[in-house]
Every structure is written in structure tokens, then in C-alpha cells.
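Notes for the one structure printed next.
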Amino acid sequence: MNNPATAHTPQTRPSAATVAGLAAAALVSAVIPAAAGLAFLISLAIHRPLVAVAARRWPWLTGRPAAQPPHRALVGLTAAWGTGLLAAAAVQGAGALTSGPALTSPGGFAARALIALAVEAILAVLTIAWLRRSPAPGPRDRNAHS
């Protein structure tokens, strides 16, 4: 007869599929912002800032449907988003690589996700503030960028 006080209770380990899934999710959560950050920075290198492309395609995003923000503001925002997304990816990647057994910890995964979300929220607030601060270009400025 087994005595409940001395019986060994087996620890439940996650299955290999669960560990593999969490590892893949951790890596993907670092790769996606890295790819987006690189896209922003590459767009600067080829002189087609992604924020400017988005502002032309969806003018309502800037809050100025009649006039696009100054080119300098769009370049700055593109650089900020590229750098910020790479930083978020670096934090997530470092966390995924150094967490070891904690990789399967929901708490660790949530912490890395919240850090990335905080970085993106800061970038969104920065974008809104920058666009509100930047004056709309006058007719002479618009002709210079056409």
C-alpha cells in the first residue's frame, strides 16, 4: 500500500513538441522585429524611407491628408523605428538565447513580449509627438520635394 506522504509525485515536464514550439515562438518573436527594423534602415540607405512611403500611401496616418510632413521628419522617424525595432529584437533574442530552461517559462516569454510591446508603444508615442511638432510644409517646401 502506498503511503501518500512518502509517495513520489512525478514532475510534469513539457513535451518535446511544447518545448520546440516555445523555442520557435521565442526565436520568431525576435526575428520579426529584426527583419522589420532592417527594412526600415535599408529603406534609409536607398533613400526611400518607409515612413515616407507609408505617409504617401496612407496620408491619413500623418494626420495631414493635404500635406506630407517634412522629409527630415520622415527620415528621422524611419531611423527611430528601425533602431527601436532592432533594439527590441536584440532584447528578445538575448532573452531567448540566455534563458536556458526558462525558455519554456510563460513568465519569461511574457516579460520579453512586454518589453517589445513597451518599445513599440514608445515608438508610437514618439511618432505621434514628432508628427504633431513638425510643421506642415508650405507650398515652396512641397515643390522642393516633388
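The values are calculated or read from the model by the stated rules, or taken from the named source; none is laboratory data. This structure is a prediction, so every number in the text was calculated from the model and none was measured. For neighbour counting, all protein chains shown are included, and Cβ atoms are generated from backbone atoms with ideal geometry for every residue, glycine included. Surface accessibility is based on the protein's heavy atoms, side chains included, excluding ligands, DNA and RNA. Shrake-Rupley method; radii C 1.70, N 1.55, O 1.52, S 1.80 Å.
Step by step: first the residues of the stretch 92-146, then only those that are modelled with pLDDT of 60 or more, part of a helix (DSSP H, G or I) and among the hydroxyl-bearing types (S, T, Y), then the one that is surrounded by the fewest Cβ atoms within 10 Å (Cβ to Cβ). Which residue is that?
T98
When only residues in the stretch 68-91 that are of a type outside the set (A, V, I, L, M) and open to solvent by 30 Å² or more (accessible area, probe 1.4 Å) count, which is modelled with the lowest pLDDT? Working first, answer last.
Applying the first criterion (of a type outside the set (A, V, I, L, M)) to the stretch 68-91 yields 68-72, 76, 78, 81-84.
Narrowing the set further to residues that are open to solvent by 30 Å² or more (accessible area, probe 1.4 Å) leaves 68, 70-72, 81, 83.
Details: Q68: 70, P70: 82, H71: 84, R72: 87, W81: 94, T83: 95.
Of everything passing the filter in the stretch 68-91, Q68 is modelled with the lowest pLDDT.
Quick check on my filter: what residues within the stretch 31-50 are without any contact (Cβ under 8 Å) to a residue 60 or more places away in the chain, within 15 Å of the chain's Cα centre (by Cα) and open to solvent by less than 30 Å² (accessible area, probe 1.4 Å)?
Answer for the stretch 31-50, where residues must be without any contact (Cβ under 8 Å) to a residue 60 or more places away in the chain, within 15 Å of the chain's Cα centre (by Cα) and open to solvent by less than 30 Å² (accessible area, probe 1.4 Å): A34, G37.
Does the stretch 58-67 include one or more residues that are modelled with pLDDT of 75 or more, open to solvent by 70 Å² or more (accessible area, probe 1.4 Å) and out of contact with any Leu (no Cβ under 7 Å at 6 or more places or on another chain)? Show your work before the answer.
Pass one, the stretch 58-67, residues modelled with pLDDT of 75 or more: 58.
With the extra rule that they be open to solvent by 70 Å² or more (accessible area, probe 1.4 Å), the set shrinks to 58.
Right, trim to out of contact with any Leu (no Cβ under 7 Å at 6 or more places or on another chain) and you get 58.
Within the stretch 58-67, one or more residues are modelled with pLDDT of 75 or more, open to solvent by 70 Å² or more (accessible area, probe 1.4 Å) and out of contact with any Leu (no Cβ under 7 Å at 6 or more places or on another chain).
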